[in-house]
Amino acid sequence: MSAEQAEDLVEQRVGEVVDRLRATHRRGVTKPLAWRHAQLDALAALLLEQRDTLYAALKADLGKSADESLVTEVGLLQREVAHTRRRLRGWLRPSPAVVPLPVQPGTAATVLEPLGVTLIIAPWNYPLLLALSPLIGAIAAGDAAVVKPSELAPATSRTIADLLPRYLDARAFAVVQGDAETTSALLEQRFDLVFYTGGEHVARIVMRAAAEHLTPVVLELGGKCPVYVDESADLDVAADRIAWGKWMNAGQTCVAPDHVLATRRTAEALAPRLAAAARRMFGDDPLRNDAYCRIVSERHFDRLHGLLDPAKTASGGGADRPALRIEPTVLTRVGDADPVMQQEVFGPILPIVEVASEREAIERVADGPKPLALYVFTRRSSRRAWTTGTSSGSIGFGVPLLQLAVPGIPFGGVGASGMGAYHGRRSLTAFSHEKALLTKPTRPDTVRLLSPPFTELKRRVL
Ligand code: NAD
């Protein structure tokens, strides 16, 4: 079979999947609240009953321990499902709106309606969480969905493809596995929403393809998330928390601290504390510690290895290519010209960049691409300066990462870090159309007041 024929076959296959889901959606299968509740319950059952299978897949793909998988993937999903299940009925109630005087009498409201057939494209770094968390939004909204897990996490991809149809309504949800070619074939199809999580380069491909069908997109991207630490902060706790946020998943986290901004004095005090925090988590030999994740692929390992700089290494720096592991590493006296500052690190290397003052740090962040997350460790009362002086998807004061575990606040980027947001009720709205409803009685016929001829009396009323 020629490459072209193979491509046609993939396109035909994904076309059939999308047609099938669209037919289901048209028949109204996904609309009843009871059906949505049942799907959420089924997802909760999958997460509970198949925990060990999911842990094994995450171990195979990223060397992730069961404990870390529970904390950062399965547990988050379970809480998100439970949160949505409990509140969905209330969230779906029509929301009344005020009717201005010239439109009265009348009633106005909005209702959430399903968008239709959606596409969820997931990355490899939290391959379970980032495939299924958006799916919770699709279920809640009454959409059908194609889930495209990442080919770089093949065990998780296979597990999702195996388990999802066994638990969820296969008429409405399909898993399509494959690489860029399959994703491209999917993007040829008309969807009602494309929800993409991943890097900026592919995001452009996704958005261009979606534009052909005028399909809306949610883009959950990455970038360099800065951490500012000053001398007023509790440096022991700050170091522990930064280390935790950085070295879970070996730094392969979109909202992980990418680099630290600090004055020289703070940097000097912080660097050994970060090293000590890494030792507390992963011992003296992290390369051989089973609780420490590996790098996803040789390509990413080599990229990260190229960012190491022995001359600037304050701690760590060791690597084991066959095991795809790189030690938790702190680099000091790093400048903007260093390769590690020229790209999103997305790995276990933490550069510390010296700044002269908090004001310089704020200006630096404000002048750069808008990050997905920003973290600030200070006991000074400068929160407002950070909140109003910079733009980012989120800010964590005193803690990294945990903002994504609060379903009541949106998770998403701004500018180069993405568009649209989800989690909690926002997942429902991200996958819904907010339809406007206006009801006006025909008597009294006040619309006459709005139509010509415009008499003096009408002008006064308007
Ligand atoms: P990726 O962009 O390589 O892959 C993501 C998906 O895109 C995969 O399903 C893949 O099959 C598909 N894809 C890859 N190449 C494609 C192509 N040419 N055409 C069509 N589809 C293609 O994933 P990645 O970039 O390695 O992920 C890491 C990035 O994702 C980082 O920048 C990280 O910060 C970001 N990220 C963001 C979030 C978030 O929630 N905002 C979460 C995780 C990762």
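Each reported figure results from applying straightforward, stated rules to the coordinates on display, with no laboratory input. Just so you know, these numbers come straight off a predicted model, no measurement behind them. So basically every Cβ, Gly included, is an ideal-geometry build from the backbone, and we count neighbours across all protein chains shown.
Using a Förster radius of 60 Å, what is the FRET efficiency between Phe397 and Glu456 based on their Cβ-Cβ separation? Nearest 0.05, please. Please list the in-between numbers first.
Working: r = 59 Å, r/R0 = 0.98.
Result of the calculation: an efficiency of 0.55.
List the residues, sorted by chain then number, that are 5 or more residues from Leu331 or on another chain and whose placed amide H is less than 5 Å from its amide H.
Under 5 Å from the amide H of Leu331 lie the amide H atoms of Ala314, Leu350, Ile352, each far enough along the sequence or on another chain.
What is the angle, in °, between the Cα long axis of helix 33-49 and the longest principal axis of the Cα atoms in the chain? Nearest 10 is fine, range 0 to 90.
Computed tilt is about 20 degrees.
Apply the Kirkwood formula to the stretch 158-269: the hydrodynamic radius equals the inverse of the mean of 1/r over all pairs of different alpha-carbon atoms; give it in Å with one decimal.
One over the average 1/r among Cα pairs gives 17.6 Å for the stretch 158-269.
For Gly116, what residues show an amide H to amide H distance below 5 Å, using hydrogens built from the backbone and excluding near sequence neighbours?
Hits under the 5 Å cutoff: Ala144.
Net charge near Gln342, counting Lys/Arg +1 and Asp/Glu -1 over other residues with Cβ under 10 Å of its Cβ? List each step's numbers first, then the result.
Numbers: positive: Lys224; negative: Asp336, Asp338, Glu344.
Once all neighbours under 10 Å are counted, the net charge is -2.
What do you get for the angle between helix 154-167 and the principal long axis of the chain? Use alpha-carbon atoms, 0 to 90 degrees, nearest ten.
That helix lies at roughly 30 degrees to the long axis.
What ³J(HN,Hα) values, in whole Hz, does the Karplus curve 6.51 cos²θ - 1.76 cosθ + 1.60 give for the stretch 433-450 when θ = phi - 60°, with x put for Gly and Pro?
So the J values, rounded to whole Hz, are 9, 8, 8, 8, 10, 10, 10, 10, x, 7, 10, x, 8, 6, 5, 4, 5, 9.
Could you give P(r) for the stretch 313-408, binned at 5 Å from zero, as whole percent values over all Cα-Cα pairs?
2, 10, 17, 22, 20, 15, 8, 4, 1, 0
Could you please rank Asp336, Asp192, Asp320, placing first whichever residue has the fewest other Cβ atoms within 10 Å of its Cβ?
Placing the least packed residue first, the sequence is Asp336, Asp320, Asp192.
For the cross-link pairs Lys59/Lys224; Lys64/Lys435; Lys224/Lys435; Lys31/Lys64; Lys31/Lys148; Lys64/Lys312, which exceed 31 Å when the distance is taken from alpha carbon to alpha carbon?
Over 31 Å Cα-Cα: Lys64/Lys435; Lys224/Lys435; Lys31/Lys64.
Quick one: which residues, 5+ away or cross-chain, put their amide H under 5 Å from the amide H of Leu374? H built at 1.01 Å from N.
Close amide H contacts, sequence-distant or interchain: Ser394, Ile395, Gly396.
How high is the FRET efficiency from Glu363 to Lys435, r the C-beta distance, R0 45 Å, rounded to 0.05?
Computed FRET efficiency for Glu363 and Lys435: 0.55.
Once the piece of chain linking Arg303 and Asp236 is laid out straight, how much longer is it, given 0.36 nm per residue of separation minus the C-alpha distance between them?
21.0 nm
Can you bin every Cα-Cα distance in the chain into 20 Å intervals starting at zero and give me the percent of pairs per bin, rounded to whole numbers?
Going out from 0 Å in 20 Å bins, the chain shows 23, 49, 23, 5, 0 percent.
Run through the DSSP bridge list for the stretch 252-384 and note the antiparallel percent, rounded to the nearest 5. Don't skip to the end; give the middle numbers.
On the way: 4 of 10 bridges.
Beta bridges within the stretch 252-384, antiparallel portion: roughly 40 percent.
Which of the lysines could a cross-linker span from Lys440 if the Cα-Cα distance has to be under 25 Å and same-chain partners fewer than 8 positions apart are dropped?
Lys458
Using 0.36 nm per residue, how much length does the chain from Ala38 to Trp91 gain when fully extended, once their Cα-Cα distance is taken away?
Between Ala38 and Trp91, full extension yields 17.4 nm more.
So between Ala337 and Glu181, what do we pick up on full extension, going 0.36 nm a residue minus the alpha carbon distance?
That pair, Ala337 and Glu181, stretches by 52.6 nm at full extension.
Determine the calculated [θ] at 222 nm for the chain from helices alone, applying -39500 (n - 2.57) to every DSSP H run no shorter than 4 residues and normalising by the residue count; nearest 500 deg cm²/dmol. Each step should come with its number before you reach the end.
Numbers: 16 runs with 192 residues, N = 462.
Estimated from H runs of four or more residues: -13000 deg cm²/dmol.
Counting only DSSP beta bridges with both residues in the chain, tell me the antiparallel percent, nearest 5. All intermediate terms of the calculation are to be shown ahead of the outcome.
Values: 19 of 51 bridges.
That works out to approximately 35 percent antiparallel.
Based on the Cβ-Cβ distance from Val447 to Asn289, what FRET efficiency comes out when R0 is 56 Å, to the nearest 0.05?
Details: r = 73 Å, r/R0 = 1.31.
Using R0 = 56 Å, I get an efficiency of 0.15.
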